[in-house]
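See below for the structure under consideration.
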Amino acid sequence: MIKNCCVVIYASLADIEAAIGKLKIARCDLKQASVIAYENETDIHNHQVSDRNTLEQLLTDTELFFVSGIGTLMVVGQMITLMSQGLENVEVGDDSNPLAVALFKMGVTRASIKEYERAIMADKLLLIFYAQQKDVEYVCDVLHCEAQQVIVHHA
């Protein structure tokens with residue numbers, strides 16, 4: 001079964017919550033969704049705990065990952081499994097890390113991986129939907145609007 005993904009970059013948790021709300025209304029399978037966000041040391045111990053709780057209620061489990069060159073990431077949803085599978089047998093580049101490998105396995109290009117890493121380090125949040133092509137295209141249609149770009153990657 002070949003899967004594809006779409007990635008959306010959001011500026012805030014409120015934007016992510018609104019997007020997940022749209023996906024719920026459209027009856028999308030939220031088990032296919034993930035959120036990734038940067039957490040600095042202050043965030044981990046202060047207000048971001050409530051953000052993790054909010055996202056966990058919207059999707060599923062939450063894990064923190066330390067990614068070399070980026071820092072600590074809050075990962076919610078199925079990306080936890082993909083990032084936990086390790087780096088074996090995949091060469092993304094000299095600076096491979098669990099996030100880059102997971103995205104690469106999903107069909108995301110090296111250039112887009114770098115773009116998403118920069119977005120995360122700039123305190124943006126990623127919403128990733130990884131599923132069969134028809135489901136990804138439907139999610140893209142639900143989330144895409146004049147003010148929001150949705151990028152689809154084909155595996």
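The values are calculated or read from the model by the stated rules, or taken from the named source; none is laboratory data. The structure displayed is predicted, hence computed values, not measured ones. As a convention, Cβ positions derive from the backbone with ideal geometry for all residues, glycine included, and neighbour counts pool all protein chains shown.
Here residue 55 meets each of (1) within 20 Å of residue 5 (Cα to Cα); (2) among the hydrophobic types (A, V, I, L, M, F, W, C); (3) at pLDDT below 85; (4) not in a helix (DSSP H, G or I) with one exception, condition (4).
If you go through the range 2-28 and keep only what is in contact with a helix residue (DSSP H, G or I) (Cβ under 7 Å, 6 or more places away or on another chain) and not in a helix (DSSP H, G or I), you end up with 4, 5, 6, 7, 8, 9, 10, 26, 28.
In the range 121-136, the qualifying residues are those that are among the charged types (D, E, K, R) and surrounded by 14 or more Cβ atoms within 10 Å (Cβ to Cβ), and the one that is farthest from residue 16 (Cα to Cα) is 135. When the range 1-27 is limited to residues that are of a type outside the set (D, E, K, R) and farther than 27 Å from residue 100 by Cβ, the one that is surrounded by the most Cβ atoms within 10 Å (Cβ to Cβ) turns out to be 18.
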